[in-house]
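Trainee: The structure under discussion is supplied below as structure tokens; questions concerning it will follow.
The values are calculated or read from the model by the stated rules, or taken from the named source; none is laboratory data. Note that the structure is predicted; figures quoted are calculated from it, not measured. As a convention, Cβ positions derive from the backbone with ideal geometry for all residues, glycine included, and neighbour counts pool all protein chains shown. Just so you know, the surface numbers come from the protein's heavy atoms only, side chains and all, with ligands and any DNA or RNA stripped out. Shrake-Rupley method; radii C 1.70, N 1.55, O 1.52, S 1.80 Å.
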Amino acid sequence: MLVFRNIDDIPRSGPVTLTLGTFDGVHRGHRKIIDRTVAIARDSGSHSLLLTFDPHPREVIGRRGIPTYQLATIDERIALLENSGLDICVVMPFTRDLSVLDAATFFEDYIVRGLHANHVVVGVDHAFGRGRAGTVTELERLGERYTIAVSVVGELMIDGVKVSSTAI
């Protein structure tokens, strides 16, 4: 797996199947999304790419008086992703400027123009853009507009409990 800290450094060599998010623990729920991304990429002959953020968005936009707990540091996350089958991992700096982009602008600037994605894979509760206003429904609408396929992966349940970073 190749790791980049700048989208502009990624070699352009064909279509990309993308998943994006914080993936703060690379737990089994995250692995379900990653596995689907890798499978779709292999089936379509594209590269699998995971876009994540550092620092954690909550550290930048903050919630006054509420600390941000993470299951793994960025270096630990990269190590956990190493044997996932992903081709590329991009660790994008999460900044105040990035935090104020609305969902459509983020999609256009990064998913369409920056990464040239032809397929996006997310979990059912994924949200992006300013205020997390970019819901899965919005992602599907934007995908349709730009002819980018969107796959939504359902929750992973174990013993009736949703696997999530919060639950862990």
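Trainee: Under 10 °C and 1.306 mPa s, how fast does region 1-85 diffuse according to Stokes-Einstein, given a Kirkwood radius computed over C-alpha pairs? Answer in µm²/s, whole number.
Mentor: 113 µm²/s
Trainee: Accessible area of the chain with a 1.4 Å probe: how many percent of it is carbon plus sulfur?
Mentor: 50 percent
Trainee: Can you give the net charge of the other residues whose Cβ lies under 12 Å from the Cβ of SER48, counting K and R as +1 and D and E as -1? Working shown, then result.
Mentor: Working: positive: ARG36, ARG42; negative: ASP35, ASP43, ASP87.
Here the count lands on -1.
Trainee: So how strong a dipole does the chain carry about its Cα centre when Lys and Arg Cβ are +1 and Asp and Glu Cβ are -1, to the nearest 20 debye?
Mentor: Taking the Cα centre of the chain as origin, the dipole is about 260 debye.
Trainee: While we're looking at this one, here's another question. Based solely on its DSSP helices, what 222 nm [θ] is calculated for the chain when runs of n ≥ 4 H residues each add -39,500 (n - 2.57) and the sum is averaged over all residues, nearest 500 deg cm²/dmol?
Mentor: Details: 6 runs with 48 residues, N = 168.
Here the helix-only value at 222 nm equals -7500 deg cm²/dmol.
Trainee: Please compute the net charge surrounding THR22, taking Lys and Arg as +1 and Asp and Glu as -1 over other residues with Cβ under 14 Å from its Cβ.
Mentor: The answer is -2.
Trainee: Seen from all sides and averaged, what is the projected area of the convex hull of the Cα atoms in the chain, in nm²?
Mentor: Answer in nm², one decimal: 9.6.
Trainee: Kindly state, to the nearest 0.05, the FRET efficiency for SER13 paired with ALA39, given R0 = 22 Å and r defined as their beta-carbon distance.
Mentor: Details: r = 20 Å, r/R0 = 0.90.
Given R0 = 22 Å and the Cβ-Cβ separation, E is 0.65.
Trainee: Also: Pairs of Cα atoms under 8 Å, at least six residues apart: use those to get the relative contact order of the chain, whole percent.
Mentor: 30 percent
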